[in-house]
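**Q** Following this message is one structure expressed as structure tokens.
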Amino acid sequence: REEFTARRVGPGARRLGYVIAAGANGVALWVAHQLLAWEWPRFLTSDFEELLPILTMSFVTGIAANLIYVWRDDWPIKPLGEMITAAIGFAVAIRTSRVFPFDFTQYETDWSWLARLVIVIAILATALGVVVHLVKLASGPQQGRAAR
């Protein structure tokens with residue numbers, strides 16, 4: 001029987017991943033600001049504009065965090081950055097549930113229930129993420145950990 005052994009990703013590959021993630025956040029930020037002008041997707045209402053400030057903060061924070069990780073991704077920088085981005089993600093999910101900028105009345109099926117379910121899952125997942133990263137931050141650097 002072969003035992004699964006995870007390989008550690010080298011620093012160069014991690015840094016490249018962070019640069020790609022920062023770029024993806026930049027593209028997502030630009031797209032988010034174009035959606036209403038594009039009138040796409042059709043179920044998105046003009047209330048989406050109320051989400052743009054917090055979405056912008058989320059994407060900019062993601063860009064900044066990933067660029068910081070290019071420079072340094074050890075403890076306490078990475079768990080702190082991940083906790084902050086998760087907390088902002090939580091705020092985005094909460095704000096989305098309050099604004100609910102979706103209108104599915106033009107469709108044969110009203111998908112509002114599914115959109116609300118996805119938002120609730122996002123709220124729970126991001127809240128859990130905040131807690132997990134807070135624990136990582138509080139537990140300190142973990143020396144001698146097995147390879148990931």
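**Q** Test Thr126 against the criterion of being among the hydroxyl-bearing types (Ser, Thr, Tyr), closer than 19 Å to Gly17 by Cβ, crowded, with 17+ Cβ neighbours inside 10 Å and under 14 Å from the mean Cα position of the chain (by Cα), and give yes or no.
**A** Answer is no for this residue.
**Q** Can you name every residue in the stretch 39-67 that is open to solvent by 40 Å² or more (accessible area, probe 1.4 Å) and part of a loop (DSSP other than H, G, I, E, B)?
**A** Within the stretch 39-67, Glu39, Trp40, Arg42, Phe43 meet the criteria.
**Q** Mind telling me which of the residues Leu134, Leu36, Leu124 ends up being part of a helix (DSSP H, G or I), touching a strand residue (DSSP E or B) at 6+ places or on another chain (Cβ under 8 Å) and either modelled with pLDDT of 95 or more or not polar (S, T, N, Q) (or both)?
**A** Leu36
**Q** Identify, from the list Val92, Val70, the residue that is within 25 Å of Val131 (Cβ to Cβ) and either of a type outside the set (S, T, N, Q) or open to solvent by less than 40 Å² (accessible area, probe 1.4 Å) (or both).
**A** Result of the check over Val92, Val70: Val92.
**Q** Exactly one condition in (1) open to solvent by 70 Å² or more (accessible area, probe 1.4 Å); (2) part of a loop (DSSP other than H, G, I, E, B); (3) touching a residue at least 40 places away in the same chain (Cβ under 8 Å) is not met by Asp110; state its number.
**A** So Asp110 meets the others, but not (3).
The values are calculated or read from the model by the stated rules, or taken from the named source; none is laboratory data. In this text, all values refer to a predicted model and were calculated from it rather than measured experimentally. Counting neighbours? That spans all protein chains shown, and the Cβs are built from the backbone with ideal geometry, glycine included. Remember, those area values only see protein heavy atoms, side chains included, never the ligands or the DNA or RNA. Shrake-Rupley method; radii C 1.70, N 1.55, O 1.52, S 1.80 Å.
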